[in-house]
Amino acid sequence: MAERKKVLLRLDPAVHDALARWAADELRSTNAQIEFLLRRALTEAGRMPREVGRMRGPGRPRADADDEK
């Protein structure tokens, strides 16, 4: 897997709180929720690069997830 990029993102506190609540509702971290929303926006705009891997689903990974590779 390619190294993930780190990005500093400044948000209005109310926007961050709304994202955090939404993420919790979907069993994602706030970071994963932001990535999910960005990926969806890129896909809808027709700008998602073909070489981008799939995002892991919400919730905790299964204990045997590493064994499937």
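Read-outs: derived from the displayed coordinates by stated rules, not from any lab. These figures come from a predicted structure and were not determined experimentally. Heads up, the Cβs are rebuilt from the backbone with ideal geometry, glycines too, and the neighbour counts pull from every protein chain shown.
Quick notes on this structure:
- Dipole of region 11-50, positive end: most advanced residue of ALA41, ALA24, ALA14 [Cβ charges, Cα centre]: ALA41
- Formal net charge of residues neighbouring ALA18 (Cβ-Cβ distance under 12 Å; K, R +1; D, E -1): -2
- Radius 14 Å from Cβ of ARG40, net charge of other residues (Lys, Arg +1; Asp, Glu -1): +1
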